Amino acid sequence: MESASLIQSLEKLLGVEAVTSAADELLVYECDGHTIERALPTAVVFPTTAEQIAEVVRLCHRLRVPFLARGAGTGLSGGALPVEGGVLIEMARMNRVLEIDEVNQVAVVEPGLVNLRLSQAVQGMGLYYAPDPSSQAACTLGGNAAENSGGPHTLKYGVTTNHVLGLEMVLPNGETITCGSRAGRGPGYDLTGLLVGSEGTFGIITKIIVRLTRLPEAYKTLAAVFPSIDAASSTVTEIIGAGIIPAALEMIDHFVLRAVEAYLHLGFPAAAGAVLLIELDGIRDGLDELAERIEAICRQNGSLEVRVAKDDAERALLWKARKEAFGALGRVTRSFYTHDGVIPRTKLPEALRRIYAIVEKHGLGIANVFHAGDGNLHPLVLFDDRKPGDQERALKAGEEILRVCVDLGGSLSGEHGIGLEKREWMPWFFTDQDLELMQRVRSVFNPEGLCNPGKVFPTPGRCVETRPFAKAPNVSA
Amino acid sequence: MGPLTPGGERADLPDAAASTTAPGEANGSGIDLALPCIHCGLCLDHCPTYRALGRETDSPRGRIYLIRAQAEGRIGLTDNYIKHLDLCLNCRACETACPSGVRFGALMESARERLYRAAPQRYQQGSQGELLLRHLIARPALLRAAFALLRWARPLLLGPARALLSPEQRNFAAMLPPTAGGSFSLRAKPVYRARHERRATVALLTGCVMDVLFDDVHEATVGVLRANGCDVLVPRPQSCCGALHAHAGRGEEARAMARRVIDQLGELACDAVLVNAAGCGAHLKSYGRLLAADAAYAERARAFAAKVRDVSEFLAALELKRPPKAVAARVAYDDPCHLLHGQQISRQPRELLRLIQGVELVDFPEADACCGSAGIYTLAHADLSLQILDRKMAHIAAAAPDIIASGNPGCLLQLRLGVARAGLTCRVVHPITLLAEAYGA
């Protein structure tokens, strides 16, 4: 395909202003939140309507050009990387709330809407959108639906798929389908359930119907400080074992704590080995008793301090510390690689010990901040991209860490998706038959493989560049 | 008087000196400032130009990526590179949002300085700035003369001559306050004594644009300070602090102007140097960084910067007398970026406004977002500036205030234009003006 004529056609469809094809601008689209791998698109388009998206997709289909959607580029598995070039459809301008049905607690939104903006829009009605990825102040609902994103509060409220009632999607041949409805699941196959989490490989989402949740009457947010990660891990197991399901149960280790302290000055003791952030929500009555039971469990496990947020401001600060922890790591390490694996909760202490041993063996650093309550780990392997071999060691350590998760009966990914990052490891978890079936499902939607190619499934030979973030390849321009 | 806790250059940021330094760069300057960026994207939705355009190239993360790519030789000083740096408002909202503590304002200034040195005429804020920044703003007498002329012409520009003006010129005329063309510094006494018992001695920065456009704000500032037991020094001569020059990448000029201001105000016997223009205050507080490599001035610059306070910051730290008069109005306070993001001051101006009987502070969404003024941005990139302004005005209009308050001359001008464009009738004032009315000062 001659890229000049592709670009001309795109400009004719959308207008010159809504198409970018200059090398010195495409550069910024070569990676998303997963910065270890890079690939450049041929063009980026900025549609404002679903019809424009359908036209772009029809053009790509006709010309046999790969295409994919990108939201805010906060994804951590390289899902928005144009592995085979082609057209990157940027959703940022499709960010309207189309409809709010307060009584039925439903909203219809465009995919480029930022997650947090939806909650802000309905806050006055006593409602919110429950799935809260840590990047919720930036990430888009379209990206959330594509990746089936989680977040700290999924422990009690479930992940994105539990909150998406219906979708409108442009299929890779340019046809538009709708599935689900504001009344929830309809008759026939649950296509909504199939499309959520399909990582952008089935088509381009153009509209989302989501469930809104009533804001809880009260919150109780505790920060429990432990001398060691082991003590914090056993506490998690005991809390859940006692039949208590908090709204969120998060662990922050001492390394992450150091970064967060430098940022927000929370004043946790220097001897802290780990902090558990535990949130209870719901009807006010009974929350205090539940909090007391949790405090007692913490104390039995040797907690140094249990802090209870005294007001909304303190609660917000504790959550800011948790949610912006990844970002704050830039203060204390040169580079890091974020992992996302799941283990059975009861294996938490063992998994963490084994992970720490792996990283130590490779001579690298490690930090941990994760959803302890549902066993969703986010080990962060710390390295220095300037040191020869460091990044390769970090990648190797990451692979071994995920292997441990799978071996312990867990999974390859909790919420970041497989994307580009983990496609080669899918056979650890699935049989050939499993993978074959999934690919047949994909080919029903995406028979030519033009829509977000190179994702989710192992492909022979990688076609992206793996280079240190700070010393990236040159753009030919 | 109680101890001052200065808002200022951010103390919580990574130690720039501890990071590596590119050859030829002073510690803590240049590309080093970009290194803490880990590409998380949490800045995106805080960026006014990203919100308006939806392009990564016009987001903080994208601009950092471009600056880094340029410094590493992956791209040259291309037209696109220049455009995207030029389109940044340098409002620093991303700096507040950044968990990793990227000092974006300083990064942008240093990137623009490299740009300005290499290609001054291809850089819009640089070239449009040539007339304004080099020849006008930096020359008080000429600036006064120009605005005196405008004061005379203002009724004409707003009335009969309106049809002859270009849209940009019409916008400019709508911004001009009736006080344009006055000069406080020309008529000011060297010292104003405190009414009642003296609690502090302060010096007032009269500045450039503030002095010729908002002499009434200086009067009000002096009045409120005197009513609260301050001797106010108004030293002469004073020159422009160079903030706009630094923002536009005119580093050499900016440093020369900073040295001049330190010479003029550095040795005064006073407790604090007060500023009522947020942009100037944020810049004066950064003099230590600006002149860090200047052996003769580095120490003096640090000492001077440590004495600088925004007027609201200073007053809120004093035990203020309750103002006797009421001002019955719904007031919308709009945060100037260089007060909120540049100096971390947002609580104090609101506290001062709440002191006034009858004032009802009304909240509105995105009070923390830029109004699109951004120094000479409003002239250099009129379309985008107006798009950003209109979003702001829609939020303000929904809150139906009687008065909009904001403590920075650029914002005051821009919001005046916004009121005219939105067909509102609210007054647009500096918070200190309302406080002065309440004190009868």
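Here are the numbers:
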| item | result |
| --- | --- |
| Sequence of A:H416, A:H339, B:H46 when ordered by accessible area, the most exposed leading, probe 1.4 angstrom | B:H46, A:H416, A:H339 |
| Environment charge at B:A374 (Cβ cut-off 12 Å; Lys +1, Arg +1, Asp -1, Glu -1) | 0 |
| Part-to-part distance (alpha-carbon centres) for the stretch B:168-194 and the stretch A:113-158, which is given in Å | 48 |
| Helix-only mean residue ellipticity at 222 nm for chain A, each DSSP H run of n ≥ 4 adding -39500 (n - 2.57), per residue, nearest 500 | -9500 deg cm²/dmol |
| Efficiency of FRET from Cβ geometry, B:L361 and A:K310, R₀ 25 Å, rounded to 0.05 | 0.55 |
| Approximate spin-label separation A:E392-B:L186, in nm, with each point projected 7 Å along Cα-to-Cβ | 7.3 |
| Qualifying GluC sites (Glu not before Pro) for the stretch B:250-280 [loop in DSSP, other Cβ within 10 Å: at most 15] | B:E267 |
| Fraction of accessible area attributable to carbon and sulfur, the stretch A:333-418 (%, probe 1.4 Å) | 52 |
| Gained length - A:W428 relative to A:V406, 0.36 nm times residue gap less alpha-carbon distance | 7.2 nm |
| For residues of B:46-58, the mean tally of beta carbons on other chains within 10 Å | 5 |
| Rounded percent of accessible protein surface that carbon and sulfur make up, the stretch A:205-291, 1.4 Å probe | 55 |
| Inter-site label distance for A:Y219 and A:R62 at 7 Å from Cα along Cβ, in nm | 5.1 |
| Contour minus Cα-Cα distance for A:S5 and A:D384 (0.36 nm per residue) | 132.2 nm |
| Sequence-separation-based contact order of the stretch A:97-214, relative, with Cα cut under 8 Å and 6+ spacing, percent | 32 |
| For the stretch B:273-315: relative contact order, % (alpha-carbon pairs under 8 angstrom, 6 or more apart) | 54 |
| Cross-link partners of A:K361 among lysines (Cα-Cα below 23 Å; sequence separation of 8 or more within a chain) | A:K347, A:K387, A:K396, A:K422 |
| For the stretch B:226-296 versus the stretch B:88-112, the gap between their alpha-carbon centres in whole angstrom | 21 |
| Sequence-distant lysines (8 or more away, or on other chains) whose Cα lies within less than 26 Å of B:K307 | B:K189, B:K285, B:K321 |
| 10 Å beta-carbon shell around B:P120, net charge (K/R +1, D/E -1) | +2 |
| Positive-end residue, the stretch B:329-439 charge dipole about Cα centroid, Cβ charges, pick of B:C337, B:P365, B:L386 | B:L386 |
| For chain B, calculated [θ]222 nm from helices alone, where every DSSP H run of n ≥ 4 adds -39500 (n - 2.57) | -13500 deg cm²/dmol |
| Between A and B, accessible area buried - total, square angstrom, nearest 100, 1.4 angstrom probe | 3400 |
| Shielding score for A:326-336, defined as the mean number of other chain Cβ atoms within 10 Å | 6 |
| Most to least packed among B:408-415, A:432-439 [average Cβ atoms within 10 Å] | B:408-415, A:432-439 |
| Inter-label distance for B:E72 and A:A242, nm, one decimal - labels placed 7 Å from Cα along Cα-to-Cβ | 4.9 |
| Lysines whose Cα lies under 20 Å from that of A:K310, excluding same-chain neighbours fewer than 8 positions away | A:K220, A:K320, A:K323 |
| Intensity falloff of chain A expressed as log10 I(q)/I(0), Debye formula with alpha-carbon point scatterers, at q = 0.11 Å⁻¹ | -0.92 |
| Share of carbon and sulfur in the accessible heavy-atom surface of chain B [1.4 Å probe, %] | 55 |
| Global form of the stretch B:24-122, assessed from the alpha-carbon gyration tensor, a/c cut-off 1.5 | oblate |
| Two-decimal Rg/Rh across the stretch A:35-151, once Rg and the Kirkwood Rh are taken from alpha-carbon atoms | 1.02 |
| Using a Förster distance of 56 Å, the FRET efficiency for A:T178-A:E289 (Cβ separation, nearest 0.05) | 0.75 |
| Prolate/oblate/rounded label for the protein assembly as shown (Cα gyration tensor, a/c 1.5) | prolate |
| Anisotropy class of the stretch A:226-312 from Cα gyration tensor, a/c 1.5 cut | oblate |
| Value of relative contact order over chain A, rounded to a whole percent, pairs C-alpha under 8 Å and six or more apart | 16 |
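The values are calculated or read from the model by the stated rules, or taken from the named source; none is laboratory data. In this text, all values refer to a predicted model and were calculated from it rather than measured experimentally. Virtual Cβ from ideal backbone geometry, glycine too; neighbours counted across all protein chains shown. Accessible surface is based on the protein model in full, side chains and every heavy atom, while ligands, DNA and RNA are left aside. Shrake-Rupley method; radii C 1.70, N 1.55, O 1.52, S 1.80 Å.
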